[in-house]
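The values are calculated or read from the model by the stated rules, or taken from the named source; none is laboratory data. Just so it is clear, the model here is predicted, and its values are computed rather than measured. Reconstructed Cβ throughout: ideal geometry from the backbone, glycine too, with neighbour counts over all protein chains shown.
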Amino acid sequence: MMVESSGVAAQGVTDIQETDPGTNYHPAGGPGGGSKPTVYSFPMVRESDMGAEMQQEVVELCGIACERHASNNENAAKAIKEEMDRKYGNSWHVVVGEGFGFEVSYEVSTLLYMFFAGNLAVCVWKCS
């Protein structure tokens, strides 16, 4: 998914390229041993340039939305976007799913890329 940002670069837009590497688990006993994977059930932030307070609020919001809409990632993304637009102004974008890559242009201090409940990834960013 790509968002074009014509004329926005002068206003502090940054580019990022990430691919879900599927590395949010380690074999039991740590990276070197065991045969059963340990799946994390807590939110794990992979990349963020948000302030600490905003990041914490967005991680909580994403967790709640993903739990409420566990069987429908589209509804989880819609719920997160609507709340972000209401709370932090318009032009927020959200992707929820497994095994996706992305390249986006975004406003500085508005990107969050996290994993929730194992392999479920959430990417939230603002681009106006």
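On the basis of being over 13 Å from the mean Cα position of the chain (by Cα) and either surrounded by 14 or more Cβ atoms within 10 Å (Cβ to Cβ) or assigned to a strand (DSSP E or B) (or both), does residue 90 make the cut? Answer is no for this residue.
Let's see how each residue does on (1) modelled with pLDDT under 95; (2) over 15 Å from the mean Cα position of the chain (by Cα); (3) buried (at least 22 other Cβ atoms within 10 Å of the Cβ); (4) in a loop (DSSP other than H, G, I, E, B):
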position	(1), (2), (3), (4)
79	no, no, no, no
103	yes, no, no, no
113	no, no, no, no
118	yes, no, no, yes
121	no, no, yes, no
125	no, no, yes, no
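Looking only at region 78-128, residues that are in contact (Cβ under 8 Å) with a residue 60 or more places away in the chain, polar (S, T, N, Q) and out of contact with any Gly (no Cβ under 8 Å at 6 or more places or on another chain) come to 3 in all. In the condition set (1) among the hydroxyl-bearing types (Ser, Thr, Tyr); (2) exposed (fewer than 14 other Cβ atoms within 10 Å of the Cβ); (3) modelled with pLDDT under 90, residue 71 is compliant with all but (3). Looking only at residues of region 47-60 that are under 11 Å from the mean Cα position of the chain (by Cα) and assigned to a helix (DSSP H, G or I), we find that the one that is surrounded by the fewest Cβ atoms within 10 Å (Cβ to Cβ) is 55.
The lone criterion from (1) at pLDDT 95 or above; (2) touching a strand residue (DSSP E or B) at 6+ places or on another chain (Cβ under 8 Å) left unmet by residue 54 is number (2).
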